[in-house]
1. Using a 1.4 Å probe, what is the accessible area per residue for the stretch 23-147, in Å²?
2. Using a 7 Å offset from the Cα along the Cα-to-Cβ direction at both GLU400 and ALA9, what is the distance between the two label points in nm, to one decimal?
3. What does the C-alpha gyration tensor say about the overall shape of the stretch 49-165? Classify as rounded when a/c is under 1.5, otherwise prolate if a/b is larger than b/c, or oblate.
4. Rounded to two decimals, what is the ratio between the C-alpha radius of gyration of the stretch 170-215 and 2.2 N^0.38 Å?
5. Just from its helices, what would the mean residue ellipticity at 222 nm be for the chain, if runs of 4 or more DSSP H residues each count -39500 (n - 2.57) and the sum is divided by every residue, rounded to the nearest 500 deg cm²/dmol?
6. Quick one: compute the contact order of the chain, relative version, from alpha carbon pairs under 8 angstrom and 6+ residues apart, as a percent.
7. Quick one: what are the phi-derived ³J(HN,Hα) couplings along the stretch 429-440, Karplus 6.51/-1.76/1.60 with θ = phi - 60°, whole Hz, x for glycine and proline?
8. Calculate the length of the line joining the C-alpha centroid of the stretch 98-161 to that of the stretch 305-332, in whole Å.
Amino acid sequence: FEVRSPEEAPVLAARLVTGTPAGGPLPPLAMRLATTRGTNALLERRGAPTALWITRGFGDLLEIGTQQRPELFALRVEKPAPLYAEVVEVPERLAADGSVLRPLDVEALAPVAERLVRSGVRVAAVALMHSFRNPAHEHALRDLLLRAGFEAVSCSADLAPFIRLLPRAETAVVDAYLDPTLSGYLAGVRGALGGGRLHVMTSAGGLVRPEDFRPRDSLLSGPAGGVVGAALAGRRSGFGRVVAFDMGGTSTDVARWQGDFEYVWEHEVGGAHLVAPALAIESVAAGGGSVCTLDAQGLRVGPESAGASPGPACYGAGGPLTVTDVNLLLGRLSPERFGIPVDPAPAEAALDALRRELRERTGEDAGREPLLAGFLEIADERMADAIRGISLRRGYDPAEHALVAFGGAGGQHACGVAARLGIGVVLVPPDAGLLSALGIGHAPLERFAERQVLRPLEEVEPEVAGWMEGMGEEASAAVAREGVARTGVEVRRRIVGLRYAGHDAALTVEWSPGVSLRAAFEERYAALYGHRPERRPVELESLRVVASTRVAEPEPVPPPEPHVPPAES
C-alpha cells in the first residue's frame, strides 16, 4: 500500500483491518474519524481565499478586535494577518430587536459577488449586525452568493446565534476559511468507503454525519477523543472524578470529568476566536519533543518542539535536547522498549553543549544530574499548572480526582505531576497510547440545541421548563435522523447560562424540574469567586440542551494484584 493523499490514510487503515487489497471495493463498514486537517490548515494559514461580508461601517472590526494585547510589554507588536482576503461592507442595518432599519438591496451586490468569483474568491463568511435576532438579511445574501458562483457560505447567525458581532464574525470566517479543506477531505474518505457509514468527531466529544459537520467543530476533535477515553477508563476503574492527562510529542492536553463532561461555549485555537461547543480542554506546549534550552531568564522547556524531524537528539538526526532526551539520560526510558532506535550519545553531547553554554554565562559548572532534574521539574510544573487551570481555578480540588495518564509520554510524567497537585491515584490504561481512538469508538451520536434569552431570571423562570422541552425535542430529533430509535436517544444535559445584571460573563448550571436556578447560580458563583453579591438581579443569558445516544456503562476492570518484591535472602 502507498499513501498518496491524507484522505487515503484512514481508508488504508480500513483496508488493513478488513484485508481488502488496494484498488478493490471495501466491504460495508462504519468508520469514526477525528481529524487535525482543519487545525493544521488554520495554524499554517493554508485555508481558502475568503471574503468577509459585514454590515457597512464595520469592515475593520476583526482587525481592531477586542484591543487586548497578548503580550502586554512587548516592544515590537506584530499583528497577525487576517484570515480573510477581501472585505465587503454591506449597506443594510437591523435594530437590536431584529427589526429592519435599512433594507438589504441584494441585487445591488451581485456585481461585487461576480467580481470576487472571477478573481478566485469562492468562499464567503457573512456576519451582519444583530442577525442573531433576525437572520433574514444573512440568508438572502447567502442565496445571492451561491447563485453568483460561491462554493461555500458560512452565516454567523446559523453558526453562533448569539449577541456580540465580533465573535460571531470570527467564527464565520474560520468556518468559511476551512470549509474547502475539510469538505474535500471528508468527500474523499466517503467516496472510498462506498456504501459504508462515516461519522466525524466534534470538539464537544460527540459524533455527527459529514453533512452535519462544520469546520468550526473540528479543531479539537482529536483531544476530545482522548477526554472521552479517559472518562471511560475512570468509569471502568470505579472513579467518578478524573483528570485526563494526555501528553504527546508536542503538547499536553488536560481536562476534567465528573460524571459528565465540562463544556466551554467559546474557545481559541491558533489565535482564532470561536463560538462553538467544545470540551473544556487546556493545552500547554510541553511534550516529549519539547526543547530544553537556556535563555536570559534561565532554564526553559518548550514551547518550541523538535517535532518528528529532526526529533529529539537521541534520534540521531541532529535534533536538540528535549524532554525525551532528559528521560533517557536519567534512566527513565528504556531504549530496548522504546519502539524505534534511540542513541544516548547524541543526547549526552547536546547536554554537554548546554552545560558549556551555562558555564560561559554564569561561571558555574552545573552538575549533570541536577541539570537534568531541573528540566524535568520545569516540564512537570508546566503540566501541573495546566491542570490547575481546569480544576483549582474553576473551584475544584484536583486532589479529589484520579489522574488518567495516556499519550506517548503520559505515563513517564504522571507521578511527578500528581505529586505537585496532591493527587493520590494515577491510572495508566493498558491502551494508553491509543486512548483517543478508543474514546472515539465509545463516543455517542450527539446534537446540541441552543437559545439566547437575555432577560431577567425572575421574569422568565416559569417559561424555562417549556423551552427546555422544546429544545430537547429538537436535539433528540436531530439524533434520531441518524436512524436511531427514539428510545435509544436521551436528553443528557440541560444547561442554563446565568449572570448578574451588568456582568458580561455567564456561569452555567444544570437545570432539572424543580431546581432553583438562582440558588444554583449563587452557589456556583460563591464556589468560584469566594463571595456572592447581595441583592443583585440575575439575568438568564442562554439555554442549551445536549441529546445523544445512550452510552452503555463499561464493564469494570478489576485492579491488578499489587506487586510484592521477594524478600532478600
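1. On the way: 7140 Å² over 125 residues.
It amounts to 57 Å² per residue over the stretch 23-147.
2. 4.0
3. It is oblate, given that a/c is not under 1.5 and a/b is not larger than b/c.
4. On the way: Rg = 11.4 Å, N = 46, 2.2 N^0.38 = 9.4 Å.
In units of the globular-protein estimate, the stretch 170-215 measures up at 1.21.
5. Numbers: 15 runs with 199 residues, N = 569.
Calculated at 222 nm, the ellipticity per residue is -11000 deg cm²/dmol.
6. Details: 1086 pairs, mean separation 69.0, N = 569.
Contact order relative to length: 12 percent.
7. x, x, 9, 4, x, 10, 5, 5, 5, 4, x, 4
8. About 50 Å separates the Cα centre of the stretch 98-161 from the one of the stretch 305-332.
The values are calculated or read from the model by the stated rules, or taken from the named source; none is laboratory data. All of these numbers come straight from a predicted model, not from anything done at the bench. Cβ coordinates were reconstructed from backbone atoms using ideal geometry, including for glycine residues, and neighbour counts include every protein chain displayed. Ligands, DNA and RNA are stripped out before the accessible areas are found, and what is left, the full protein with its side chains, is counted by its heavy atoms. Shrake-Rupley method; radii C 1.70, N 1.55, O 1.52, S 1.80 Å.
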